[in-house]
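All of the numbers you see were taken from the coordinates with simple rules; none came from a lab. Not measured: the values here are computed from a predicted model. Quick reminder, even Gly has a Cβ in these numbers, built from the backbone with ideal geometry, and neighbours come from all protein chains shown.
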């Protein structure tokens, strides 16, 4: 019986897998990988890169993730791939048009990803945007300022992804919409009382708790575990994410290299796993940092392996991408390139 993969997913430096990266991935056996714009050039190049990553670990089913929400968070862009609207643009359509557009956006993201061998999209964003926040880190990535549209449209986008054979990731659990600073640069502190968090922030994640994967928020919620980012909080993960929200799927940390988290990279990884994350994400491709993470995390734990094995993968359902893109353009009232 083969050994379990390590509890890490890593990025890489460029569009081609280097010999050093190949040797590192072969040695540490990460669960999977994540791609960014620096890794993307042409369809053939991406397909070769994805195949090379899986060959390096000797697992044809190793997950390959990408941030592909639509709007400004899109690593795949024209002319090779569809340009898709941000969540707020979809929500602005209202009613059935918004629901259809959200599903089509998910289905077109899945079409673009699946054609490259990418099988996990870091979407939908289920954060409820608080009015008058001081940062645009979420901004138009949110489907709304109330739970109801976020639930409805997040579900539609997730269903579109699943219909295309691509796994969605609910983010950023238990809610990033109140953050007053960008967690890429500093640790946000949210002072909202528990009742407000339960009524608003937690609600979309609770409604979509059946999604297969969720990504944590690097946020300090003073009503939950003051002074401790959710990614590092056994209380937030155990009592809130697994308990009140009821999420029983695979829990992935947000990027460990974000400056919301302090301390050495190995310590960041260890604290995330100890708190209850099933695996950690490290995105920037820095070899020394990746080695520090790999040295700390070890293999997937028993519960994490069970949760990952329960993730249901299905092949794509039939879909006419040209007609789908045309219909989405019609709904939006403008032509989408791609």
- [ ] Two decimals is fine: what is log10 I(q)/I(0) at q = 0.22 Å⁻¹ for region 269-330, from a Debye sum with one equal scatterer on every Cα and no solvent?
- [x] -0.90
Open item on the list: Looking at the chain only, what percent of DSSP beta bridges run antiparallel? Nearest 5 please.
Closed with: 15 percent
- [ ] Sum -39500 (n - 2.57) across every DSSP H segment of at least 4 residues in the chain, then divide by the residue count to get the 222 nm mean residue ellipticity, nearest 500.
- [x] -10500 deg cm²/dmol
Task: Cα centroid separation - region 226-302 against region 52-127, whole Å - done: 24 Å
TODO: Please identify, among 103, 81, 232, the residue showing maximal mean-square fluctuation in a Gaussian network model of the chain using a 10 angstrom Cα cutoff.
DONE: 81
Open item on the list: If each residue of separation counts as 0.36 nm, what is the full-extension length gain between residue 2 and residue 55 once their alpha-carbon separation is subtracted?
Closed with: 17.5 nm
Open item on the list: Give me the three principal axis extents of region 140-200 from the C-alpha atoms, as integers in angstrom, largest value leading.
Closed with: 38, 27, 18
Open item on the list: Can you give me the convex hull volume of the Cα atoms of region 69-140, divided per residue and expressed in Å³?
Closed with: 93 Å³
- [ ] Take each of the peptides 261-267, 126-132, average the number of other beta-carbon atoms within 10 Å over its residues, and list them starting from the highest.
- [x] 126-132, 261-267
Open item on the list: Pairs of alpha-carbon atoms within less than 8 angstrom and 6+ residues apart define the contacts here; what relative contact order does region 35-172 have, in percent?
Closed with: 28 percent
Open item on the list: Let me understand the chain better: what is its radius of gyration from the alpha carbons, and its Dmax, in angstrom?
Closed with: 18.8, 55
- [ ] Would you mind classifying region 1-119 by shape? Square roots of the alpha carbon gyration tensor eigenvalues, ordered a ≥ b ≥ c; an a/c under 1.5 is rounded, otherwise it is prolate if a/b is larger than b/c and oblate if not.
- [x] prolate
Open item on the list: Could you tell me the relative contact order of the chain? Use alpha-carbon pairs under 8 Å, at least six residues apart, and round to a whole percent.
Closed with: 18 percent
Task: Cα pair distances in region 116-234, grouped into 10 Å bins until the bin that holds the longest one, percent each - done: 15, 46, 31, 7, 0
